[in-house]
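Here the structure comes first, spelled out in structure tokens, and everything after it is commentary.
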Amino acid sequence: MTNACGNFFKKKSPLKIVGMVFGGIILAGLMAFLFGWVIMLLWNWLMPEIFGLGTINYWQGFGIFFLAKIIFGFGGEHTSDGNKSKKKDRPIRDEISKEIRKEIRKEFAKENGHDFNDEYDDKYEAWWSREGKESFDKYMNKDKAEEETEL
């Protein structure tokens, strides 16, 4: 298998590569300016009318855009392998998520004066993965059948 990026740069002269990098930086700067300007215009048009807030300048609009990017992400991970890397990482994410939920339950139990039992929690997780969905589906079908008989 060939490296597409490596092949792309082999065909270009160093001067063209520098030009593309410089052009990319200029384009990124223009896009950042555009987003800040659009946010400033939208804020100054909508927020004072709807919520009675004050107007903002360009730098505040750019700051709001940058803050939103920090909070909501920079567009996610883009891969050329059809998101196979995300599928590979799923078991790791699931394990981390499970550990985080367990820690949250421990803290909640501690704050509310309850005992937290790791063995019980592990058995519950095993039961839920084995029988929980099936039991829930049976419950939902039973509930749906009862609703239909009432109508």
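For region 89-151, just say rounded, prolate or oblate: build the C-alpha gyration tensor, square-root its eigenvalues into a ≥ b ≥ c, call rounded for a/c under 1.5, and beyond that prolate if a/b exceeds b/c, oblate if not. Prolate shape, in that a/c is at least 1.5 and a/b is the bigger ratio.
Close amide H contacts of ILE56 (hydrogens built in the peptide plane, cut-off under 5 Å, sequence separation of 5 or more or a different chain): ASN44.
Other residues within the sphere of radius under 14 Å centred on the Cβ of MET140, judged by their own Cβ, net out at -2 (K and R +1, D and E -1).
With a Förster radius of 22 Å applied to the beta-carbon distance between ASN44 and ILE70, the computed FRET efficiency rounds to 0.45. Remark: region 89-151 carries a charge dipole of roughly 180 debye about the Cα centre, counting +1 on each Lys and Arg Cβ and -1 on each Asp and Glu Cβ. Rounded, prolate or oblate: which fits region 10-74 when a ≥ b ≥ c are the square roots of the eigenvalues of the alpha-carbon gyration tensor, with rounded for a/c under 1.5 and prolate only if a/b beats b/c? In terms of gyration-tensor shape, prolate.
Bear in mind these aren't lab numbers, they're just calculated from the coordinates by the rules spelled out. Here the structure is a predicted model, which means the values were calculated and not measured. Backbone-built Cβ (ideal geometry, glycine too); neighbour counts: all protein chains shown.
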